[in-house]
Amino acid sequence: MFHQIWAALLYLYGILLNSIYQCPEHSQLTTEGADGKEFPEPHLGRWYFIAGAAPTKEELATFDPVDNIVFNMAVGSAPMQLQLRATIRMKNGLCAPRKWIYHLSEGSTDLRTEGRPDMKTKLFSSACPGGIMLKETGQGYQRFLLYNRSPHPPKKCVEEFQSLTSCLDFKAFLLTPRNQETCELSSN
């Protein structure tokens, strides 16, 4: 009897805590931005990878050898397509170019990566000026990624991203060092 009462009290305490300490809102981007421009126009151009968060370190392991990554998002060669080019500066100083093609979903900001049917990317707004968050899910992983127009956004932006993702139970966190010069983005 005592155990049942104790369990009920703990349950009620949990409900109370949950109602008080809700995770802050992060809204999924819509197809029309606040400035009235249609998606993806406001998100085209240069982006810097700042940080990542995931439930486990293994889901971020691909970024362990990385010093910095710079991306360029452009309209693709077909309708409903985006081309993403990146140069990755490894901690050992080497540069690695990469390319992806994203397919847009009608009336949505959800992205599908060409050649990777298991991968889904959702775009979210960020409270940080010039920032955007992506949530990638695929076979065996899920992670939030923080990007910014500046290679060195305010420290508060990173702290807010880490706080939000931690609240969502993404306990593993990775901050790119960004100590080396970025690699030059190729035009191909």
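Values as computed for the structure displayed
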{"quantity": "Rounded to the nearest 10 Å², the accessible area of residue 152 at probe 1.4 Å", "calculated": "120"}
{"quantity": "Distance (nanometres) between label positions extended 7 Å along Cα→Cβ at residue 139 and residue 112", "calculated": "1.6"}
{"quantity": "Using θ = phi - 60° and Karplus 6.51 cos²θ - 1.76 cosθ + 1.60, couplings along the stretch 63-72 (whole Hz; Gly, Pro as x)", "calculated": "9, 4, x, 8, 8, 7, 9, 10, 10, 10"}
{"quantity": "Potential extension, residue 101-residue 43 segment - 0.36 nm per residue separation minus Cα distance", "calculated": "19.4 nm"}
{"quantity": "Summed side-chain charge close to residue 60 - residues other than residue 60 whose Cβ falls under 14 Å, Lys, Arg +1, Asp, Glu -1", "calculated": "0"}
{"quantity": "Estimated distance in nm for a label pair at residue 90 and residue 180, the labels positioned 7 Å out from Cα along Cα-to-Cβ", "calculated": "0.9"}
{"quantity": "Rg to Rh quotient for the stretch 100-188, alpha carbon positions, Kirkwood Rh", "calculated": "0.98"}
{"quantity": "Surface accessible to a 1.4 Å probe, residue 99 within the full protein complex, Å²", "calculated": "130"}
{"quantity": "Accessible surface of the stretch 52-185, 1.4 Å probe, proportion on carbon and sulfur as whole %", "calculated": "52"}
{"quantity": "Lysines whose Cα lies under 23 Å from that of residue 99, excluding same-chain neighbours fewer than 8 positions away", "calculated": "91, 120, 122, 135"}
{"quantity": "Two-site label geometry, residue 171 and residue 125: point separation in nm, points 7 Å out along Cα→Cβ", "calculated": "3.2"}
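The values are calculated or read from the model by the stated rules, or taken from the named source; none is laboratory data. Values in this document were obtained by computation on a predicted structure and should not be read as measured data. Reconstructed Cβ throughout: ideal geometry from the backbone, glycine too, with neighbour counts over all protein chains shown. For the accessible areas, the whole protein counts, side chains as well, though only heavy atoms, and no ligand, DNA or RNA atoms are used. Shrake-Rupley method; radii C 1.70, N 1.55, O 1.52, S 1.80 Å.
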